[in-house]
1. Considering only residues that are in contact with a helix residue (DSSP H, G or I) (Cβ under 9 Å, 6 or more places away or on another chain) and assigned to a strand (DSSP E or B), which ones fall in the range 170-194?
2. Does the range 189-206 include one or more residues that are out of contact with any strand residue (DSSP E or B) (no Cβ under 8 Å at 6 or more places or on another chain) and over 18 Å from residue 107 (Cβ atoms)?
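A short reminder: the numbers here are calculations on the coordinates, not readings from a lab. Since the structure is predicted, the reported quantities are computational estimates derived from the model, not experimental observations. Every residue, glycine among them, receives a Cβ derived from its backbone with ideal geometry; neighbour counts consider all protein chains shown.
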C-alpha cells in the first residue's frame, strides 16, 4: 500500500495531532508576546530619550540672549566713546570759548592777508604776532616771493572772513574752517573779488589764539 492509503485508512495518531495544534498555539503566543515586548521597549525608549527639540530650543534661546547682550554691550561702548569725544570737544558745548576763537582767528587772517604797496612792513608785523609754527614758515615763504611784485605793481589786497566755523575745540587747541572774500586791485585797474577757503589749526598761547597751520581747500 502507498503511504497515502495508510494515512487514510488508520487516521492520524491523537498525540501527533495534539502536538501540531499545540505547536501552532505556541507560535501564536510567542508572536503576540514579542510584539508586546517590542512595543513596550519602544515606549520605554521614547520615555528615556532626551527631549532633543527642547534642548535645541533652549540652545537657540541661549545663543540669542548672548547675541543680544553682546550687541547691547557694543552699543553701550560706542555711546560711551561718542559721549567722551563730545564732552572733550568744547565747540559743541562752550559757546563763549567757541565765539572767542572764531573771532580771533578770523580777525588774524584778515590782517595778515590784507596789505597795501606801502604797508607791507605792518602786514609782516601782524603776521609775526598772529602766526606761529608751520603757518609762520608758510607765510614767510609766500611773502618773500611776492613782496617785490606788491611794491612794483602797486597791488592792494583786502581780505575779510565771511564765515568761521569751529570744528573742534579741545583745551588749548582748535580746528576751524574759514571762508574768506578777497578783493585785489593792481594800480588803477578794476578790482576783482575771489573766494578762498582755509582749514586752520590754532593754539592758545599766552591767552591769545595763534594760527599754527593753514591748508587751502
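1. 170, 174, 175, 176, 178, 180
2. Within the range 189-206, one or more residues are out of contact with any strand residue (DSSP E or B) (no Cβ under 8 Å at 6 or more places or on another chain) and over 18 Å from residue 107 (Cβ atoms).
Residue-by-condition table, conditions (1) part of a strand (DSSP E or B); (2) in contact (Cβ under 8 Å) with a residue 12 or more places away in the chain; (3) exposed (fewer than 14 other Cβ atoms within 10 Å of the Cβ):
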position	(1), (2), (3)
134	no, yes, no
141	no, no, yes
145	no, no, yes
149	no, no, yes
156	yes, yes, no
165	yes, yes, yes
168	yes, yes, no
